[in-house]
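Worksheet: one structure, shown below.
The values are calculated or read from the model by the stated rules, or taken from the named source; none is laboratory data. On a predicted model such as this, the values are computed, not experimentally measured, just so you know. Here the Cβ positions follow ideal geometry from the backbone for every residue, glycine too, while neighbour counts run over all protein chains shown. For the accessible areas, the whole protein counts, side chains as well, though only heavy atoms, and no ligand, DNA or RNA atoms are used. Shrake-Rupley method; radii C 1.70, N 1.55, O 1.52, S 1.80 Å.
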Amino acid sequence: DFFKIFLISKIDKRKRRAKKTRAKIKQLEAHRLCVHRSSNHIYAQIIAPDNQTVAATSSLDPEVKSILGDKTKGKIDIAKAVGQQIAKKAKKAKINKVAFDRSGFLYHGRVKALAESARENGLDF
């Protein structure tokens, strides 16, 4: 009872980390590559400093599924394909430099795979 006040949920911790990151990105006034990961899917969008979404893609996108082909892939391979696709869309929108907003998720696994794939395909952050 008394200790429940001090327990912080996993989601609250993630949101706190995200808030700190976004405050810093706001000072930079840069486009941000915002990543969200659920248990089954991963989503990426490029957001302008005025909070307008410039480009977006996800593991549900048919273009991403065409990159992967017919074979069933693991979640990291899917994240790499999403990173590749968001980099293409950013180039199309003439955006080369972004700030990486991992939304409080740890830079590990799928989030890391997406970031490295976006870098390999020409995004600078």
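Using the Stokes-Einstein relation with a Kirkwood hydrodynamic radius computed over Cα pairs, the translational diffusion coefficient of region 1-50 at 25 °C and a viscosity of 0.890 mPa s comes to 188 µm²/s. Placing unit charges on the Cβ atoms only, positive for Lys and Arg and negative for Asp and Glu, gives the chain a dipole magnitude near 360 debye about its Cα centre. When the residues Phe125, Phe6 are ordered by accessible surface, computed with a 1.4 Å probe over the protein chains alone, the sequence from largest down reads Phe6, Phe125.
Within region 22-125, report the GluC sites (Glu not before Pro) that DSSP leaves as loop and that have at most 16 other Cβ atoms within 10 Å. Please report the intermediate quantities before stating the final value.
On the way: sites: Glu29, Glu63, Glu116, Glu120; in loops: Glu29.
Those satisfying the criteria are Glu29.
Among the listed values (1) 50, 33, 31; (2) 53, 37, 21; (3) 37, 31, 26, the one matching Cα extents along the principal axes in Å as calculated from this structure is (2).
Looking at region 16-92, which trypsin sites (Lys or Arg not before Pro) are DSSP coil and have at most 12 other C-beta atoms within 10 Å of their C-beta? Please report the intermediate quantities before stating the final value.
Numbers: sites: Arg16, Arg17, Lys19, Lys20, Arg22, Lys24, Lys26, Arg32, Arg37, Lys65, Lys71, Lys73, Lys75, Lys80, Lys88, Lys89, Lys91, Lys92; in loops: Lys71, Lys73.
Listed in order of number, the matching sites are Lys71.
When the chain is treated as a GNM with alpha-carbon contacts under 10 Å, the residue of Ile47, Ile67, Ile95 showing the greatest mean-square fluctuation is Ile67.
Label sites at Lys75 and Leu60, each approximated as a point 7 angstrom past Cα along Cα to Cβ, lie 1.7 nm apart.
What FRET efficiency, computed as 1/(1 + (r/R0)^6) with R0 = 30 Å and r the Cβ-Cβ distance, is obtained for Arg119 and Leu7, rounded to the nearest 0.05? Plugging the Cβ-Cβ distance into 1/(1 + (r/R0)^6) gives 0.20.
A straight Cα-to-Cα reach below 17 Å connects Lys65 with the lysines Lys73, Lys75, Lys80, Lys88, Lys89, residues fewer than 8 places away in its own chain not being considered. Between amide H atoms placed 1.01 Å from N, distances below 5 Å from Ser103 occur with Val35, all of them 5 or more places distant or on a separate chain. Note: relative contact order over the chain, using C-alpha pairs below 8 Å and six or more positions apart, is 29 percent.
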